[in-house]
Number of protein chains: 2
Amino acid sequence: MSKPSITLRDMGSFHVGGRIVEISGKPETTVTFSAGGVPARVDRNGAYLVEAMYVQYFLPEARKGKYPLLMWHGGGLSGVTYETTPDGREGWLTLFLRKGWDIYNSDAVERGRSGFAPPDVWPGEPHFVSMADAFIRHRIGATWSDDPAAREPLPGNLFPLEAYDNFARQFVPRWTTTDAATVAAYNALIDKVGPSVLLIHSQAGGFGFPIAQARPQMVKAIVAIEPAVAGDMAQAARLKDVPILMLYGDFIGRSVRWPAMRQIGLAFADAVTAAGGDVEVLDLPAAGMHGNSHMMMMDRNNADIADLIHDWLARRGLVA
Amino acid sequence: MSKPSITLRDMGSFHVGGRIVEISGKPETTVTFSAGGVPARVDRNGAYLVEAMYVQYFLPEARKGKYPLLMWHGGGLSGVTYETTPDGREGWLTLFLRKGWDIYNSDAVERGRSGFAPPDVWPGEPHFVSMADAFIRHRIGATWSDDPAAREPLPGNLFPLEAYDNFARQFVPRWTTTDAATVAAYNALIDKVGPSVLLIHSQAGGFGFPIAQARPQMVKAIVAIEPAVAGDMAQAARLKDVPILMLYGDFIGRSVRWPAMRQIGLAFADAVTAAGGDVEVLDLPAAGMHGNSHMMMMDRNNADIADLIHDWLARRGLVA
């Protein structure tokens, strides 16, 4: 590797938030946890700690970002979104670390290292992401084939198609009934690390915007990568002092849902702007950057987009 | 923080292994993934990539370990086991990184960032870890109380009791029917990174020993922290050239299952030794280190135990 080294003043992880639930009425059982192991009598009743959130942090020796940069992933995914790309290039976690940002990368409640709760704690069943589903919904290709050689990208698509299976390895199940718990955990994270810049992707629009509206003094900027959900239109003025950058990629006109989802984002941006806010909506193809999927932090030009975001943050005075 | 900085020549993550399963016969459904979002028609049939394993790596600039150090956690847990301790001290991941080891820390199949498979792919239901269950089974205390102030540690116990709730935040559900998939994924990891030193905890005894017996040339040493399962006694001679260190903590005589589990480990150690192998079994209390729980990588003396392991590896010629 000829990459420059990375020097950290600290790194580690913690969990925030969560609550204790009491399970009762289950019969005692015997579990042999590992083949060849010693059977254990297990009482499944009692206290379980659920809805905590896993956060991993990397703090560069040469800090330049004035506030922590919190990376919040989208639905069906985990913090792995921001790590090494599926084809092995650097992801935004290390790219922004190299730019001098204190990084806090989390797994939303019920995803990844945050774990999930026993049955009946949350309504409904988890939703699993199929290979076809993500391929089409994330605007990588218009149709799916189980045969890798037959998978056609949208023309000019910059997602690393040859590594799509590695992307599918990152998919994690998700519930659709845990938004309040997730918002609580993200608030606990902000309580712990203080005023922050939020980098939010897709589903996390539904977490980042409402949290910033509830406590705008704790959010120094929002970078929203194709937010699937926006904030409360009636409360748009609460973001008038929180600079917002919204990025949209290519091929949205070819998608069933993305035109409507972008429209929700644009309407919210207009409302915040009308209230005196500083919102920049960057339609990447209109700005001459063609070919980005919904997973632009993994696309072949992900470093260019990271530069663009960092420069925008610097222009807002958030880089020392 | 007055900790010395950490300089990395590289860091990142990847997934290894897994297989594609085809789900069929499910009706199409409509899912509104996020409150306020645009409903999506979702076909739940088709290809899912399951049983891959998440691996995160940190490679120090000043490398001293001659081989990668693979950290394999125990049941009901994830790679978080080796990160910052529940009370915020450094865990073995950074302690061994500072000693110059290339670290590969993974989440076993179906845990954490490895994700879990749709229903019916694996037999049985996931097992959830209650706060009481881990407290007693991991030999932190003999009895449980929901009231933190009333939780009594075993006398002299070194687990950071005041942070027990943070430990409970790390618990993740686990299946008991995925051992073969996990062994396949760990083998895929070794295929990728080459000959390695294995640091295995608890359940991972059932993965590390059989893998080393199947391909001893790829395993340069095994450090087994209270393995819950040992290898195949009939194949003990296959480990005659793989140095093994087994560590056992305190309070085993007070446990229901640990006397039998330790006995399985000791019998296996004897068999490998009889076949000409180099096995050191270190009973920590007998060596004058009292108070260790099953989670000794989190106990208050975790840095002392890391030193002891590193020195043992150095004496086997595995440190440059």
Shape category assigned to region B:243-320 from the gyration tensor of Cα positions, a/c cut at 1.5:
oblate
Compute the signed sum of charges (Lys and Arg +1, Asp and Glu -1) over the other residues within less than 13 Å, Cβ to Cβ, of residue B:4.
0
Percent of beta bridges antiparallel (DSSP, region A:68-214, rounded to nearest 5)
10
With contacts defined as alpha carbon pairs under 8 Å and 6 or more residues apart, what's the relative contact order of chain B in percent?
18
Scoring region B:119-214 by relative contact order with C-alpha pairs under 8 Å, at least six apart, yields a percentage of 27
At R0 = 51 Å the Cβ-Cβ FRET efficiency linking residue B:20 and residue B:301, nearest 0.05, sits at 0.65
Sequence of A:102, B:179 from largest to smallest accessible area, 1.4 Å probe:
B:179, A:102
What whole number of Å gives the distance from the Cα centroid of region A:239-298 to the Cα centroid of region B:45-97?
36
Within the set of other residues whose C-beta is less than 11 Å from the C-beta of residue B:74, count the net charge using Lys and Arg as +1 and Asp and Glu as -1.
+2
May I ask for the percentage of alpha-carbon pairs in region B:31-141 that lie more than 19 Å from each other?
63
Based on the Cβ-Cβ distance of residue A:320 and residue B:63, what FRET efficiency does E = 1/(1 + (r/R0)^6) give at R0 = 25 Å, to the nearest 0.05?
0.20
Average beta carbon contacts from partner chains per residue of B:3-9, 10 Å cutoff:
6
Using a basic spin-label model with each label point 7 Å from the Cα along Cα→Cβ, how many nm lie between residue B:280 and residue A:30?
3.9
Averaged over A:41-50, number of beta-carbon atoms from partner chains that fall within 10 Å:
6
Which number do you get for Rg(Cα) / (2.2 N^0.38 Å) in region A:163-320?
1.03
Please report the orientation-averaged projected area of the protein assembly as shown, defined via the convex hull of its C-alpha atoms, in nm².
27.6
Once you sort the root eigenvalues of the Cα gyration tensor of region B:90-204 as a ≥ b ≥ c, which label holds: rounded (a/c under 1.5), prolate (a/b larger than b/c) or oblate (the other case)?
oblate
Test item: B:122-132 mean partner chain Cβ contacts at 10 Å:
4
Given the options B:24, B:34, B:202, which has the most mean-square fluctuation in a GNM of chain B, springs set between C-alpha atoms less than 10 angstrom apart?
B:34
Which one of B:174, B:139, B:257 has the biggest mean-square fluctuation once chain B is modelled by GNM with Cα springs under 10 Å?
B:257
Once Lys and Arg get +1 and Asp and Glu get -1 on their Cβ, which of B:216, B:320, B:118 lies farthest toward the positive end of the dipole of chain B?
B:320
Per-residue ellipticity at 222 nm for the protein assembly as shown, helices alone: DSSP H runs ≥ 4 residues times -39500 (n - 2.57), over residue total, nearest 500 deg cm²/dmol?
-7000 deg cm²/dmol
Given the protein chains as shown and a 1.4 Å probe, how many square angstrom of residue A:120 are accessible, to the nearest 10?
140
Charge dipole magnitude, Cβ of K and R +1, D and E -1 - region B:85-147, Cα centre, debye nearest 20:
400
Counting only DSSP beta bridges with both residues in region A:1-109, tell me the antiparallel percent, nearest 5.
90
Mind giving me the nanometre distance, one decimal, between the label points for residue A:41 and residue B:214, set 7 Å out from Cα along Cα→Cβ?
3.6
Scaled by the rule-of-thumb 2.2 N^0.38 Å, the alpha carbon Rg for region B:204-250 gives a ratio of 1.06
Just for the protein assembly as shown, what percent of DSSP beta bridges are antiparallel, to the closest 5?
55
With N residues in chain B, what two-decimal value do you get for its Cα radius of gyration over 2.2 N^0.38 Å?
1.04
Between the modelled labels at residue A:290 and residue B:266 (7 Å from Cα along Cα→Cβ) the distance in nm is 7.3
Explain nothing, just the number: dipole magnitude of region A:184-254 about its Cα centre with +1 on each Lys and Arg Cβ and -1 on each Asp and Glu Cβ, in debye rounded to the nearest 20.
140
Take B:191, A:299, B:307 and sort them by solvent-accessible surface of the protein heavy atoms, 1.4 Å probe, largest at the top.
B:191, B:307, A:299
Rh by Kirkwood over Cα pairs, then Stokes-Einstein D for region A:133-174 at 1.567 mPa s and 4 °C, µm²/s:
121
If you add up the charges near residue A:273, with Lys and Arg at +1 and Asp and Glu at -1, over every other residue whose beta carbon is less than 11 angstrom from its beta carbon, what do you get?
-2
Hey, got the dipole for region A:221-320? About the Cα centre, +1 on K and R Cβ, -1 on D and E Cβ, debye to the nearest 20?
200
Using Cα centres only, tell me the gap between region A:197-219 and region A:117-178 in whole Å.
24
I'd like to know which of B:47, B:74, B:11 lies farthest towards the positive end of the charge dipole of region B:1-88, counting +1 on Cβ of Lys and Arg and -1 on Cβ of Asp and Glu.
B:11
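The values are calculated or read from the model by the stated rules, or taken from the named source; none is laboratory data. The model shown is predicted, which means the values in this text are computed figures rather than measured ones. Methodologically, a virtual Cβ is constructed for each residue, glycine included, from the backbone with ideal geometry; neighbour enumeration extends over all protein chains shown. Just the protein is used for accessible areas: all its heavy atoms, side chains included, with ligands, DNA and RNA removed. Shrake-Rupley method; radii C 1.70, N 1.55, O 1.52, S 1.80 Å.
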